[in-house]
Amino acid sequence: MCAIVGSFSKETTIALFELNSYRGEISSSISSFNMNSELQQLNKYSGKFEKEYLDNHVDGMFYIGHLQAPTTNTNNIHPSEIGEVLLWHNGIIKQNNLDKNVWDTEWLLQRIISEGWSVLSKIDGSFACVLYRKNKLYLFRNEICPLFINDKLDISSTKFDNSKSLEPNTVFEVDLTDRTIHSIESFLTKENPYFFG
């Protein structure tokens, strides 16, 4: 299990890290983005998140954090990076889909880069993600994996006050200037074992 958090506020980011700490503290990361969605800083750490990690980040940014209890190799810390494309992932991709010895987050990122958003309908497993590519941030999740958001663009893998569940099966582009999201693509959850229709 892992957790993704995000906020324009350092204090809120710390609070969301604390709220999600039960989801894993094997490793953590914190990234900051300016209002043009340009990556300003990315730091990865072994062990649990410490609030002092944010001291090195400039104020007035949008912060994305990740906590990890890895389901595969413990040496991998989010985000997965291929070139200048980054992927933060919470969830589990079923092993029969993966190439042997490949980190599931890296595998998912490889598929998105090579096949586009439509590949999300083919992914068997659970995922809630933030993707960064060409100075743009995207949020998406399938029906199985949680991700919550509020009107301030705070995001969390655990529900928090005044948050709502991010609509599943939809890719949202994030506009940091307007603090809004808008849908750009839809997909299907391949198999939802919790739907008993």
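The values are calculated or read from the model by the stated rules, or taken from the named source; none is laboratory data. Everything quoted here is computed from the prediction, not taken from an experiment. Note that each Cβ is placed from the backbone with ideal geometry, even for glycine, and that neighbours are counted across all protein chains shown.
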If a residue counts only when it is modelled with pLDDT of 95 or more and polar (S, T, N, Q), which strands (runs of 3 or more DSSP E) contained entirely in region 45-162 have at least 3 such residues?
none
Kindly establish whether Lys190 is in contact (Cβ under 8 Å) with a residue 12 or more places away in the chain, in contact with an Asp or Glu (Cβ under 9 Å, 6 or more places away or on another chain), among the basic types (Lys, Arg) and in a loop (DSSP other than H, G, I, E, B).
yes
The residue from Ile14, Ile64, Ile77 that alone is in contact with a Phe, Trp or Tyr (Cβ under 8 Å, 6 or more places away or on another chain), of a type in the set (Val, Ile, Thr) and closer than 26 Å to Ser163 by Cα is Ile64
Considering each of Glu106, Glu167, Glu185, Glu115 in turn, give the residue that is free of Cβ contacts under 8 Å to residues at least 24 places away in the same chain and either on the phi > 0 side of the Ramachandran plot or surrounded by 15 or more Cβ atoms within 10 Å (Cβ to Cβ) (or both).
Glu167
Among the residues of region 163-187, how many are in a loop (DSSP other than H, G, I, E, B) and within 21 Å of Leu16 (Cβ to Cβ)?
6
Kindly indicate the residue of region 13-53 that is of a type in the set (S, T, N, Q) and over 30 Å from Gly125 (Cα atoms) and also surrounded by the fewest Cβ atoms within 10 Å (Cβ to Cβ) among those meeting that condition.
Asn36
Note on Thr158: of the conditions (1) under 20 Å from Met1 (Cα atoms); (2) crowded, with 21+ Cβ neighbours inside 10 Å, unmet is (2)
What is the one condition in (1) in contact with a helix residue (DSSP H, G or I) (Cβ under 8 Å, 6 or more places away or on another chain); (2) closer than 27 Å to Ser165 by Cβ that Tyr45 does not satisfy?
(2)
